[in-house]
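Colleague: Have a look at the structure that comes next, please.
The values are calculated or read from the model by the stated rules, or taken from the named source; none is laboratory data. These figures come from a predicted structure and were not determined experimentally. Note that we place each Cβ from the backbone using ideal geometry, even for glycine, and neighbour counts take in every protein chain shown.
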Ligand code: UD1
Ligand code: UDP
């Protein structure tokens, strides 16, 4: 089997790491291609180092742009590489523009696509991620659903590829990396109690009113907040003239995005997490993390994390979400339950399936 593994952004590097490492371990011929959608060192290179995963064979350096620009550049670049490498399978993960581009090129070249983390749906059609994941699922020959919930969605949509339930690869990575993260974060964590915040979804940060409401509601919690700010959010705060105010606030400590080891340290040491991230909703359910996350969105494509008691979707209304957060915090501990995203063997299951099929 010859596999092309394609990544473009921070979460794809995290969630493909265990598959790349599994291919290395089994001596499978594979080509690791980075589209370069994320390019800053702290959004890309740092993750290969932290995750002990080899550097990509090629980086297309497509960078930022409109959705069409980003996708079109990736289509052209990926096509050239796939024709040259001639893989039996193209593996993509998640719902970014890099994923849609890779899936589209592969299907046109008649190379089967394996979609890792298939079948997630927010049913929020404002989200670029919802467009990308739906289209990719319907272009894929192998759909690796993390849970039965997502597998059922795929069955209901009559996708034409094979559906396999494998768990989520992020759990594989966490189980092996958490001890290292604990060691490396010792002595580098804030001394006072803090809440961890991440925000980057386009529907939250590209809209001035929503972003300013989120900051206002977060401040009303009267917590010390550590905020590793995504570059998209930093540029919007500046564009909307809100940057100086947020930077000067005593309650919000805005920092650069941090590498994976440091971020795990921050999650573990935080009181709770405020986020609109997809990956973080899964990470908090891992037994080695086990934190409460409040999702600053109106929907989630990760209902399993809500059912396990780790995640509460609190919306974006500054009058409502702080009240919901306080109410949930008063209700006590997270109930003990099994991690809904598997046992940390997703990559090995995925590679087994592909080795048998191809
Ligand atoms: C992308 C994905 C989103 C995913 C997120 C992970 C799409 C449509 N969106 O959103 O699903 O959750 O990645 O973080 O694919 N920038 C930098 N350095 C970087 C990367 C980005 O400065 O390394 C800045 C650029 O100004 C860019 C902006 O961030 O314009 C947004 O980057 P982009 O890749 O377009 O989308 P994300 O918001 O990162
Ligand atoms: N993350 C990180 N450093 C940060 C913020 C996030 O390492 O400063 C990690 C986080 O643990 C998760 C991934 O980045 O594994 C999630 O990325 P993001 O929220 O950007 O994307 P999403 O998962 O929403 O697509």
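Colleague: Among the residues of the stretch 266-283 satisfying the criterion of being near ligand 2 (Cβ under 10 Å from one of its atoms) and either at pLDDT below 95 or in a helix (DSSP H, G or I) (or both), which is nearest to residue 13 (Cα to Cα)?
Modeller: In this case the residue turns out to be 279.
Colleague: Name every residue in the stretch 82-106 that is surrounded by fewer than 20 Cβ atoms within 10 Å (Cβ to Cβ) and closer than 22 Å to residue 23 by Cβ, in order of residue number.
Modeller: Passing the criteria: 83, 84, 85, 86, 88.
Colleague: Related question: Restricting the stretch 282-311 to residues that are more than 15 Å from residue 340 (Cα to Cα) and surrounded by fewer than 19 Cβ atoms within 10 Å (Cβ to Cβ), which is nearest to the chain's Cα centre (by Cα)?
Modeller: 299
Colleague: Looking at the stretch 55-63, can you tell me whether even one residue there is under 30 Å from residue 167 (Cβ atoms), within 14 Å of ligand 1 (Cβ to nearest atom), at pLDDT 95 or above and in contact with a strand residue (DSSP E or B) (Cβ under 6 Å, 6 or more places away or on another chain)?
Modeller: yes
Colleague: Counting only residues that are more than 16 Å from ligand 1 (Cβ to nearest atom) and not in a helix (DSSP H, G or I), which one in the stretch 235-246 is nearest to the chain's Cα centre (by Cα)?
Modeller: In this case the residue turns out to be 242.
Colleague: Of all residues in the stretch 123-136, which are without any contact (Cβ under 8 Å) to a residue 24 or more places away in the chain and either within 16 Å of ligand 2 (Cβ to nearest atom) or out of contact with any helix residue (DSSP H, G or I) (no Cβ under 9 Å at 6 or more places or on another chain) (or both)?
Modeller: Matches in the stretch 123-136: 134 only.
Colleague: May I pose another question? Scan the stretch 122-160 for residues that are surrounded by 18 or more Cβ atoms within 10 Å (Cβ to Cβ), assigned to a loop (DSSP other than H, G, I, E, B) and within 18 Å of the chain's Cα centre (by Cα) and jot them down.
Modeller: 122, 127, 146, 147
Colleague: Hey, another quick one. Go through the residues of the stretch 212-234 one by one and say whether even a single one is within 12 Å of ligand 1 (Cβ to nearest atom), farther than 18 Å from residue 42 by Cβ and surrounded by fewer than 19 Cβ atoms within 10 Å (Cβ to Cβ).
Modeller: The answer is no, given that none of the residues of the stretch 212-234 is within 12 Å of ligand 1 (Cβ to nearest atom), farther than 18 Å from residue 42 by Cβ and surrounded by fewer than 19 Cβ atoms within 10 Å (Cβ to Cβ).
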